[in-house]
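The values are calculated or read from the model by the stated rules, or taken from the named source; none is laboratory data. Everything quoted here is computed from the prediction, not taken from an experiment. Cβ placement follows ideal geometry from the backbone for every residue including glycine, while neighbour counts extend to all protein chains displayed. In case anyone asks, the SASA skips ligands and DNA or RNA and just uses the protein heavy atoms, side chains included. Shrake-Rupley method; radii C 1.70, N 1.55, O 1.52, S 1.80 Å.
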Amino acid sequence: MNSLFEYLLRIGDDSLILGQRLSELCGHGPILEEDIATTNISLDLIGQATNLLTYAAEVENLGRDADNLAFMRIDREYKNVVLVEQPNGDFGDTMMRQFLFDAFRKLFFERLQQSKDFQLAAIAEKSLKETRYHLKHSSEWVIRLGDGTEESHSRVQHSLNTLWRYRAELFFMDEVDNELINKGIAVDLKTFRNEYDSFVSTILNEATLNPPAQNWEFGSGRKGKHSEHLGHLLAEMQYMQRTYPNMEW
Amino acid sequence: MKEISLVDLENRFQKKVDSEIRIEPNDWMPEEYRRTLIRQISQHAHSEVVGMLPEGNWITRAPNLRRKAVLLAKVQDEAGHGLYLYSAVETLGADREQTIDDLHSGKAKYSSIFNYPTPTWADMGAIGWLVDGAAIMNQVPLCRCSYGPYARAMVRVCKEESFHQRQGFEIMTVLAQGTPEQKAMAQDALDRFWWPALMMFGPNDDESKHSKQSMKWKIKRFSNDDLRQQFVDVTVPQAKLIGLTIPDPDLKWNEKTGHYEFGEINWDEFWQVVEGNGPCNFDRIKARKDAKEKGMWVRKAASAHAAKRAARKTA
Ligand SMILES: [Fe+2]
Ligand SMILES: [Fe+2]
C-alpha cells in the first residue's frame, strides 16, 4: 500500500464528504446571510478536496484523476471519518458537526504546514486560512445556540449528545501515519489531543453545554467502514458519472 | 413661509429625473414612485432567492468537481444579489421580512421562469445561458435607473451575471459537442427553456400596465418588446454556433429590419404560471417557507444571545 496516497485520501475525503453535505443546504439556509456562509464553507472544502485528490492521483500514478477518485470509488474506498458523513439534521446538528471537525482541522493544518512534503505543506497552509474562518464561524454559532433560548439550548445539547461519540475517530492513527511521521511528512495526532479537548471544552463551557458522560468511541471510516448514511450520499454525488460513464462535462 | 405645493414637488422631481440626477433615499419622491420601486425591487430580490432553487437542485449531483464548485459559486452569487436588493428595498422604508412574508403568502410575485423544473444537468447550461442572459438584458439598463440604491446594486449584480451567462453557455457548448446522448440533453433543455426565457421580459408593450409611467420615471429605459427582440437577436446566432435548434418554426431573419422575427408567445401559459399554476410554483414557495420556519428558532437564539451579551456588557 502507498502510505502517502492513503494519507491524502483521508484528508481529502474529509473535505469532499463534508463539502458535499454542506452543499445540500444551498438555497435552504435559516437566514440568507447564513446560506451564503454555509455555501462558502462548502466551496472551500470542495476546493481543498480538489487539491488533495489531484495530488493523490499524481502520487498513485495509475492514470486516475481527481474526478475519478471523487466520483468513481466504492464506499469502502472512501477514507473520511464517519463524523463528516452524518446528515445535516437541523441547524444545530450542522453547526455542532462543523465545530467538532473545524477545531480538529485547525490544529491539524497548523502542524501539517511543517510537513517535509512541500506540496502537502502548501495545501495545508492554504487550507488553514480557510479553516480558521470556518472555526470562528462554527464556534460562534455553538455559543449563540447554546447560550440563546431554552429551545436552542436543548436542541444543540441534543446535537452534542449524538455527535460527541464521533470525535475520537478524528485522532485515529495506524501504520500509515507511523510510516509518514517517521519521514517527517505526517502529523502525530497525539501531540494535540489535549489541546483539542481543552479548546472544545472552553467553547462548550461558554455555550453552557455539557458533553455527555459517555466515553465509548465510534467510527472506522479511516479503514473504509462507514455508517449507512454514506451510501446515500454517494448515490447522489456519483449519479452523473455512474449513469453516463466516460464523458466530458 | 410659502408652502410648496404637491404639484411643485412633483415637477421638481420630474425635472431631476429628466436631467439624469439620481434620486436618493432621503429625497422627496412621489408616493407612487416609491410604491412602484418597492414592488419592483422586492420582486427582483425574491427572483434572485427563489432562483437559487432550480440550480440548487443540481449542486449535489454536479458531474465533476469543477462544475460543482462553479455552480456553488454561481448560486451563492444569487443569494448575494438577493441581499443587495433587500437592502435597496429597505432604503425605501419597506421591511425585508414583511416583503418576504408577502412572497410566501403569494401576494408578491417573482420571475415565473423559476417555476419550471430542472430534470437534467443540461438545464444548468440552459439556465445560465438563457435565463442569466435574459437577466443581463433586463438589468444592464437598470444600472442607469433613476433610483440611486437600485442602480448601484445593479452595477454589482451585472458584473457577476456575465460570469453566470458564460458558465451556462460553456456547459451547453460542451454538451452540444459531446456524445449523441449529451447533445440530445442540451437540445431538450433548450426546447423547454426557450419560450419561458422569452416570457421573462414580461407582457407585450400594449398589455404592460406599469410600463409607461416607469419609462417616464426612468426606472425603465427600454420597453419589454424591445428588450425581448434584443435577446432574440443575440441568442439565435449563439445557438447556431453550437449546433442547437431554436424550437420556433416561425423564426426567420428579416434582412430589411436587421432583426429576427419570431413566433407567437403562449401568453395563456405565462399568466397561468404567474398566477401560481406553473409546474413548480408550489414547491418553490414551500422550500422558501420551510427555510424560514425551520430557521425561526435559530433567529430567536441569535437575538436572545445578542441581548444577553449586551446586558452583560452594561452590567
Ligand atoms: Fe442574479
Ligand atoms: Fe445570475
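Couple of notes before you dig in:
- Inter-residue pairs, beta-carbon under 6 Å, first within 14 Å of another protein chain (Cβ to nearest Cβ) and in segment B:116-133, second away from ligand 2 (no atom under 11 Å from the Cβ) and of a type in the set (Lys, Arg), 6+ apart: none
- Cβ-Cβ distances below 9 Å connect the following pairs, each with a first residue in segment B:60-83 that is within 7 Å of chain A (Cβ to nearest Cβ) and free of Cβ contacts under 8 Å to residues at least 12 places away in the same chain, a second residue that is within 16 Å of ligand 2 (Cβ to nearest atom) and outside any helix (DSSP H, G or I), and a separation of six or more residues or different chains: B:Thr60/A:Cys26; B:Gln76/A:Cys26.
- Here B:Thr235 meets the list (1) among the hydroxyl-bearing types (Ser, Thr, Tyr); (2) more than 30 Å from A:Leu145 (Cα to Cα); (3) open to solvent by 70 Å² or more (accessible area, probe 1.4 Å) almost entirely, failing just condition (3).
- Flag if B:Leu6 is buried (at least 22 other Cβ atoms within 10 Å of the Cβ) and more than 16 Å from the chain's Cα centre (by Cα): no
Condition check ((1) touching a Gly at 6+ places or on another chain (Cβ under 7 Å); (2) over 27 Å from B:Val70 (Cβ atoms)) across all residues:
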residue: B:Gln98; (1), (2): no, yes
residue: B:His104; (1), (2): no, yes
residue: B:Asn115; (1), (2): yes, no
residue: B:Asp132; (1), (2): yes, no
residue: B:Arg156; (1), (2): no, no
residue: B:Lys159; (1), (2): no, no
residue: B:Trp195; (1), (2): no, no
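For every residue, the table says whether it meets (1) within 14 Å of ligand 2 (Cβ to nearest atom); (2) out of contact with any strand residue (DSSP E or B) (no Cβ under 7 Å at 6 or more places or on another chain); (3) open to solvent by 20 Å² or more (accessible area, probe 1.4 Å); (4) closer than 20 Å to A:Ser42 by Cα.
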residue	(1), (2), (3), (4)
B:Ala88	no, yes, no, no
B:Ser111	yes, yes, yes, no
B:Asn115	no, yes, no, no
B:Trp129	yes, yes, no, no
B:Ala135	yes, yes, no, no
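- Helices (runs of 4 or more DSSP H) completely within segment A:102-184 that count 1 or more residues being more than 25 Å from A:Ser42 (Cβ to Cβ) and among the charged types (D, E, K, R): A:150-163, A:175-182
- One residue from B:Asn26, B:Asn11, B:Asn64 being within 30 Å of A:Asp67 (Cβ to Cβ) and away from ligand 1 (no atom under 16 Å from the Cβ): B:Asn64
- Taking segment B:204-254 as the range and being on the phi > 0 side of the Ramachandran plot and over 19 Å from the mean Cα position of the chain (by Cα) as the test, only B:Gly243 passes.
- The single residue among B:Ile59, B:Ile23 that is of a type in the set (Val, Ile, Thr), closer than 21 Å to B:Asp290 by Cα and more than 14 Å from the chain's Cα centre (by Cα) turns out to be B:Ile59.
- Residue in segment B:41-57 that is open to solvent by 70 Å² or more (accessible area, probe 1.4 Å) and within 23 Å of B:Gly93 (Cα to Cα) present: no
- Residue in segment A:143-166 that is under 16 Å from the mean Cα position of the chain (by Cα) and among the acidic types (Asp, Glu) present: no
Listed here are the residues, each with its yes/no results for (1) surrounded by fewer than 20 Cβ atoms within 10 Å (Cβ to Cβ); (2) in contact (Cβ under 8 Å) with a residue 60 or more places away in the chain; (3) at the interface with another protein chain (Cβ under 10 Å from one of its Cβ atoms).
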{"site": "A:Leu22", "(1), (2), (3)": "no, yes, yes"}
{"site": "A:Thr38", "(1), (2), (3)": "no, no, yes"}
{"site": "A:Glu58", "(1), (2), (3)": "yes, no, no"}
{"site": "A:Leu62", "(1), (2), (3)": "yes, no, no"}
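- Yes/no for B:Leu37 being open to solvent by less than 10 Å² (accessible area, probe 1.4 Å), away from ligand 1 (no atom under 12 Å from the Cβ) and more than 9 Å from every other protein chain (Cβ to nearest Cβ): yes
- Selected residue [more than 24 Å from B:Gly278 (Cα to Cα) and open to solvent by less than 10 Å² (accessible area, probe 1.4 Å)] from B:Leu83, B:Leu72: B:Leu72
- Selected residue [more than 17 Å from A:Arg165 (Cα to Cα), in contact with a helix residue (DSSP H, G or I) (Cβ under 7 Å, 6 or more places away or on another chain) and buried (at least 17 other Cβ atoms within 10 Å of the Cβ)] from A:Leu209, A:Leu180: A:Leu180
- Residue list for segment B:132-177, filter: more than 16 Å from ligand 1 (Cβ to nearest atom) and either within 13 Å of the chain's Cα centre (by Cα) or basic (Lys, Arg) (or both): B:Arg144
- Being more than 16 Å from ligand 2 (Cβ to nearest atom) and in contact with an Asp or Glu (Cβ under 8 Å, 6 or more places away or on another chain) holds for only one residue in B:Gly243, B:Gly178, B:Gly168, and it is B:Gly178.
- Listed by position, the helices (runs of 4 or more DSSP H) contained in segment B:223-315 that have at least 1 residues being within 14 Å of chain A (Cβ to nearest Cβ) are B:281-314.
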